[in-house]
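Report on the following structure.
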Amino acid sequence: MNRKDQIRNAYKVTGSASNFYDGMMTYSTFLGKAICRIVWNMDGEKNRSYIEQALSGVPEDFSGDLLEVPVGTGVLTMPIYKYLPDARITCLDYSEAMMRSAQAKAEHMGIKNVSFIQGDVGALPFPDENFDTVLSLNGFHAFPDKEAAYRETYRVLKKGGTFCGCFYIKGGCPRTDWFIKNLYEPKGFFTPPYETEDSLRERLSDMYSSVNVTHVEGIACFRCIK
């Protein structure tokens, strides 16, 4: 199964489309589709496009050491990890509830090469240059100390390794910006300040030797080489 099909069928594989968060991430439930369209200005094609771009830094035959932070519920990545049997994967999240959901998916799918650790992205419990790839999906906009998160993800990445993923950026979609400021921030879901596409590209270019940044509506997708 190719990467596009893995993403397309993520919610079917995990059997978790009834969960609100998972339904939104996979564009697979009525309410999830409504949130994607109203808040993020995304239809199903755009939703799959940004996920595919965000995961493009993880080869389909990846067999190295990978850190995913935060793992969230694992709805997007467990179906990918199922097809990476030779990889050594570590999933970290600050939320025990989110991590339990991801762990349940891994067990349900029979994935044996993934370990789960509760922790803070601002103080990662790993040695320097420990991972070939660091993957971060939809997390940075929620981190309270983004500077520490950038430093730590860089620190644990090996020389020549790949940092990739996606998160919300300001200025990509005015409708999304309004909802973030007036709904998501007051509820504590997102934490300012936020990058713009240009500021993210500049920041990453100061740290990494090769940087690619694109965006789909208000979501930036990035792939960097250390």
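Summary of values
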item: The listed residue being loosely packed, with under 14 Cβ neighbours inside 10 Å and modelled with pLDDT of 95 or more, out of 212, 182; result: 182
item: Selected residue (criterion: nearest to residue 25 (Cα to Cα)) from residues of region 67-89 that are surrounded by 23 or more Cβ atoms within 10 Å (Cβ to Cβ) and free of Cβ contacts under 8 Å to residues at least 60 places away in the same chain; result: 73
item: Selected residue (criterion: surrounded by the most Cβ atoms within 10 Å (Cβ to Cβ)) from residues of region 188-200 that are out of contact with any His (no Cβ under 8 Å at 6 or more places or on another chain) and within 17 Å of residue 138 (Cα to Cα); result: 195
item: Selection from region 144-171 of residues that are hydrophobic (A, V, I, L, M, F, W, C) and more than 18 Å from residue 213 (Cβ to Cβ); result: 148, 156
item: The listed residue being crowded, with 18+ Cβ neighbours inside 10 Å and in contact (Cβ under 8 Å) with a residue 60 or more places away in the chain, out of 143, 131; result: 131
item: Pairs, first among the polar types (S, T, N, Q) in region 210-226, second part of a strand (DSSP E or B) and crowded, with 23+ Cβ neighbours inside 10 Å, C-beta under 9 Å, six or more apart; result: 210/224; 212/221; 212/222; 212/224; 214/220; 214/221; 214/222
item: Every residue from region 29-48 that is among the polar types (S, T, N, Q) and surrounded by fewer than 19 Cβ atoms within 10 Å (Cβ to Cβ); result: 29, 41
item: Listing of strands (runs of 3 or more DSSP E) fully contained in region 121-226 that carry 3 or more residues being over 17 Å from residue 64 (Cβ atoms); result: 157-168, 210-216, 219-225
item: Criterion violated by residue 26 - all others in (1) hydroxyl-bearing (Ser, Thr, Tyr); (2) touching a Lys or Arg at 6+ places or on another chain (Cβ under 8 Å); (3) buried (at least 21 other Cβ atoms within 10 Å of the Cβ) satisfied; result: (2)
item: Top-ranked residue of region 108-120 - restricted to ones that are out of contact with any helix residue (DSSP H, G or I) (no Cβ under 7 Å at 6 or more places or on another chain) and assigned to a strand (DSSP E or B), ranked as nearest to residue 197 (Cα to Cα); result: 117
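Here is a yes/no grid of residues against (1) within 12 Å of residue 165 (Cβ to Cβ); (2) modelled with pLDDT under 95; (3) in a helix (DSSP H, G or I):
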site: 37; (1), (2), (3): no, no, yes
site: 41; (1), (2), (3): no, no, no
site: 48; (1), (2), (3): no, yes, yes
site: 53; (1), (2), (3): yes, no, yes
site: 63; (1), (2), (3): no, no, no
site: 67; (1), (2), (3): yes, no, no
site: 71; (1), (2), (3): yes, no, no
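The values are calculated or read from the model by the stated rules, or taken from the named source; none is laboratory data. Please read all numbers here as calculations on a predicted model, not as lab measurements. Quick reminder, even Gly has a Cβ in these numbers, built from the backbone with ideal geometry, and neighbours come from all protein chains shown.
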